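Okay, structure first, notes after.
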Amino acid sequence: MTNSAISKTFQTPTSLNRDHLSFCETTVKSVQDWVSSLSILQLGDSSKSLFNALLEISELECSETLRFDLIQALHPNIENVLVSLEKHFSSHGLISSDRNEHIIELAMLMRSCFAKIYLDITHRSHYQLQHQKFSLFAFNQKKNLQTARAFAAFYALQQLTALLFQQQMLYSEALPGQWLAANQIYALAVQHDFHQNNLNQVKASGHQLQNIQQAYAQLVLLDIFNTHQIRQSEINALYECSFDWARLIQVQPRETGLSKYVIDASQDQRPTHHKQQNAHTQSVFFITTQNLLEHIDNTLNKNAEYLSKNEKLFLNPALKFHVQNILGNSSSAERQHERYEYSAQLQVCFGLMTAHFYLSRAKNFVETLQMSSRISMPSEPRLSTSWTDPDVTSTSNSKILDREAKQIYQTEVLDISANGYRIKWNGETPKNLRTGEFILVQENQQGQWRGGVIRWIKQSSEKSLELGLEVLASELFSCAVRLKAERYINNYYPALLLQNQQENEIKTTLVLPGSQIFKEQQTVYLRLGKEEIRIYLVKTLSITQSFIQFEFELLNDQQQDLVDQFIRQQADELKNHDLWEALK
C-alpha cells in the first residue's frame, strides 16, 4: 500500500470483474454471518479482512441494490474499525513513526474506498434510472433503485466528510478528484430534486443529518473553517459541532445579497469566497453562512443560547473567536501579504511561559514577582491552577520549565512576507508545536528575539511539515497580572507587554495566558517589577488556546511614566542578555 494508491482513488474507475465473493456466499445473510465471526479484539486482522471484503463487493458483478445491501451489512463494523485506527491521528506527533504512518495510510485508503463504493452505487443507480425502461410490474424495482441512489449519495457525502476530517487532523490536502466527487453527487441530487428528502422518514433511522443538502453543507462548512489554522482538539470540536450547524447553512443555486462562498460543481475545487464579478454557470452553488454567524454571536451573550450539548462542551472563547473571524471577515481566507524567496536559519522556542522565562533572564515565574514571604499565602503557596500548561511541571511554590520546554530549535526558512516566515520542520515534533502557540523567533544568534505565533501547519514532503509563523512584535517585555485584590503568589499569571510602531505612534498591547478568566471590559492588576497598577482590558485582538492579546488602558493616566520606565529598564537589560546562555 502506497500514498500513490490513495491519491488515485477518485480518479480510477472501478471494474466489475468479480462474479462471486471469496469469503462467503453473495447474500446479505451470508455477509452478516461472516462479519459477526470476526474478532473485534484483533484490530489488525479484522481491518484487513473488512478492507478486502470492501474491495471485493465494489468489484462484484451484481445489481446496485444488492451491492448497497451488502455494503450496508459491513458498514457498522467498517466504521468501528476506522474509528479505532483514527485514534492514532491525534495520539501521536504530527511527524509519525513508520509504524504509525502505515496505520494512517490504511485508515486513509480504507475511508476513501468506503466513500468510493457509495459514489459508484449512486452513479450506476442513476444511470439505470435514466436509461432503463421499467414496466408497470417493476414499480418496486424502480423505487428500490431510487432509494439506493438517495442513501448511497448521502453515505458518500458522509464518508467524504469523514475523509476531510482525517486530512484536517493530519494537516494534509484533499486527494485529486475528492472535491469533484462531492460536488457532482450534490449537483445530481439537486438536479433530480432528492437533495432535501428526509431520509430518516424514508427508512426508520436516526441520522443526525436529515438529508443530502445538510450532509453537503457539513462538508462545505468543515472546509470553510480553514483548519490548518487551529489545533487538532479544535478541529475535532468543529467536527462535532458541525452536525448541529449544517442546518444553519444555505446552499442555493442562485446568489443573494448574503452569499459568501461559491462552488463550481463541475470543477475539482473547494469553496471559495464569492466575488460579484465572477462568471457563473448552471453548475455553481452559493453558500450563505449568516445564520451561523448570528448564532455564534448569540453564544457570547450572558444568557448564551446553544443548540446542543456539543456546543456547550466544545465552544471555548478561542474557537468562537476563530469562527467569528472566518465567517465575519470577507478576506480571511486570502493572503494579506505577498511572499518572497528567502533562505536563512531561524531559531524558535515555544510557549508563553517559555518566552516569559527567557525574557526574564532565565528566572522562574515566582522569582520575577519579587514578592516577600509576608505577602504569600499563609499555607504552602502554589500558583493558581485555573491556568494549566501541559508543558510546565508544577512544584509546591513555582512553575518549573522542563528541558523540552526550554529547548531552542533550529529551523529552515523557505520564504518570508511582510510580517512572518514560512519554515520547514524536519524530524520529531515537540509536544508544544501547535497552531496558535506563542513563540520567540530569532534569525541569527546575534539578532533580536521577537514574539510571534504559529498561524498554520501543513503536511509537506515525507517526514516534514511547513509552518506559517506570524511576527507580532519586535519589542516584548515580561510582567505579571492578577485579578484579586490580595497580593498572594497564587493570584498571579505570567504576561508580556508587546510594543509595535503603528504609523507615528507606538502601540502597547498585553499578552495573557489562554484562560477563560480574562475578558474584555475587565479590570486587572499589572505587576511591573515591584510596582502594581490597575489597567482596563479594552479590546481582544487575538485569542488562541495558548494566549489572548488585549488592547488596554490605564485607569490612572499619571502612571504611564511607571510603564515607560519599566519598559526602558527591561529593554536595557535584554540588550545585554543572551537567551542561549540560559541553556548552559
> Can you tell me the accessible area per residue over the chain, all protein chains present, probe 1.4 angstrom, in square angstrom?
Replying inline: 48
> Computed FRET efficiency, Cβ-Cβ of Asn140 and Cys62, R0 22 Å: what is it to the nearest 0.05?
Replying inline: 0.80
> Which of the aspartates and glutamates could a cross-linker span from Lys48 if the Cα-Cα distance has to be under 14 Å and same-chain partners fewer than 8 positions apart are dropped?
Replying inline: Glu56, Glu79, Glu105
> So what does the Cα-only Debye profile of segment 468-584 read at q = 0.13, 0.14, 0.16, 0.18 Å⁻¹, as log10 I(q)/I(0), no solvent term?
Replying inline: -0.54, -0.62, -0.82, -1.03
>> Just to compare against my own numbers: the Cα pair-distance distribution for segment 153-306, 5 Å bins, whole % per bin, please.
In response: 2, 9, 18, 21, 22, 16, 9, 3, 1, 0
>> Please compute the contact order of segment 30-96 in relative form: average sequence separation of alpha-carbon pairs under 8 Å and at least six residues apart, divided by the residue count, as a percent.
In response: 39
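How would you order 106-114, 37-45 from highest to lowest mean count of nearby Cβ atoms within 10 Å? If you can, show how the numbers build up before the last one.
Working: 106-114: 22.6, 37-45: 10.7.
Going by the mean number of other Cβ atoms within 10 Å, highest first, we get 106-114, 37-45.
Using only the Cα atoms of segment 33-75, what semi-axes does the equivalent ellipsoid have when each is the square root of 5 times a gyration tensor eigenvalue? Give whole Å, largest first.
Values: eigenvalues 92, 23, 9 Å².
In descending order, the three semi-axes are 21, 11, 7 Å.
Highest mean first, what order results for 224-235, 187-198 on Cβ atoms within 10 Å? Working shown, then result.
Numbers: 224-235: 21.0, 187-198: 16.8.
Top to bottom by mean Cβ count within 10 Å: 224-235, 187-198.
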> When the convex hull of the Cα atoms of the chain is projected onto a plane and the area is averaged over all directions, what value comes out in nm²?
Replying inline: 32.0
> How big is the charge dipole of the chain about its Cα centre, in debye rounded to the nearest 20, if each Lys and Arg gets +1 on its Cβ and each Asp and Glu gets -1 on its Cβ?
Replying inline: 860
> Which parts of segment 101-142 would a label at Leu43 reach, counting a residue when its backbone N lies under 12 Å from a point 7 Å out along Cα-to-Cβ?
Replying inline: 103-104, 107
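Taking the mean number of other Cβ atoms within 10 Å as a proxy for protection, how do you rank 133-141, 16-24 from highest to lowest? Walk me through the intermediate numbers first.
Working: 133-141: 9.7, 16-24: 12.9.
Top to bottom by mean Cβ count within 10 Å: 16-24, 133-141.
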> If we restrict to alpha carbons, what Rg and Dmax does segment 122-173 come to, in Å?
Replying inline: 16.2, 53
>> Relative contact order of segment 110-164, please, whole-number percent, based on alpha carbon pairs below 8 angstrom and at least 6 residues apart.
In response: 61
>> If the reach is capped at under 19 angstrom between alpha carbons, list the lysines near Lys142, excluding any in the same chain fewer than eight residues apart.
In response: Lys133, Lys203
> Between Tyr409 and Tyr340, what is the FRET efficiency for a Förster distance of 30 Å, r being their Cβ-Cβ separation, to the nearest 0.05?
Replying inline: 0.80
> Hey, what did the chain get for relative contact order, percent, Cα under 8 Å, at least 6 apart?
Replying inline: 10
> How much of the accessible area of the chain, in percent, comes from carbon and sulfur atoms when a 1.4 Å probe is used?
Replying inline: 45
>> Positive end of the dipole of the chain, charges at C-beta (+1 Lys, Arg; -1 Asp, Glu), about the Cα centre: which of His207, Ser46, Thr288 has its Cα farthest in that direction?
In response: His207
> What is the set of long-range amide H partners of Phe438 at a cut-off below 5 Å, with H atoms built 1.01 Å from backbone N?
Replying inline: Gly351, Leu352
> Per the helix-only calculation at 222 nm, which mean residue ellipticity applies to the chain, given -39500 (n - 2.57) for every DSSP H run of n ≥ 4 and division by its residues, nearest 500 deg cm²/dmol?
Replying inline: -12500 deg cm²/dmol
>> Taking the alpha-carbon distance from Lys530 and a cut-off under 14 Å, which aspartates and glutamates remain once sequence neighbours fewer than 8 residues away in the same chain are dropped?
In response: Glu367
> Which is farthest toward the positive dipole end of the chain among Asn183, Ile423, Ser84, measuring Cα position about the Cα centre, with Cβ charges +1 (Lys, Arg) and -1 (Asp, Glu)?
Replying inline: Ser84
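Using the Cα centre as the reference, give the magnitude of the dipole from point charges on the C-beta atoms of segment 71-153 (Lys, Arg: +1; Asp, Glu: -1; all else neutral), rounded to the nearest 20 debye. Let's see the in-between values first.
Details: 9 positive and 6 negative charges, 125 e Å.
Roughly 600 debye, rounded to the nearest 20.
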>> So if I place +1 on the C-beta of Lys and Arg and -1 on the C-beta of Asp and Glu, and nothing else carries charge, what would the dipole magnitude of segment 212-263 be about its Cα centre? I want it in debye, nearest 20.
In response: 140
>> I want the local charge near Ile439. Using Cβ-Cβ distances under 10 Å, sum +1 for each Lys or Arg and -1 for each Asp or Glu among the other residues.
In response: -1
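The values are calculated or read from the model by the stated rules, or taken from the named source; none is laboratory data. Computed from a predicted structure; not experimentally measured. Methodologically, a virtual Cβ is constructed for each residue, glycine included, from the backbone with ideal geometry; neighbour enumeration extends over all protein chains shown. Accessible surface areas use protein heavy atoms only, side chains included; no ligands, DNA or RNA. Shrake-Rupley method; radii C 1.70, N 1.55, O 1.52, S 1.80 Å.
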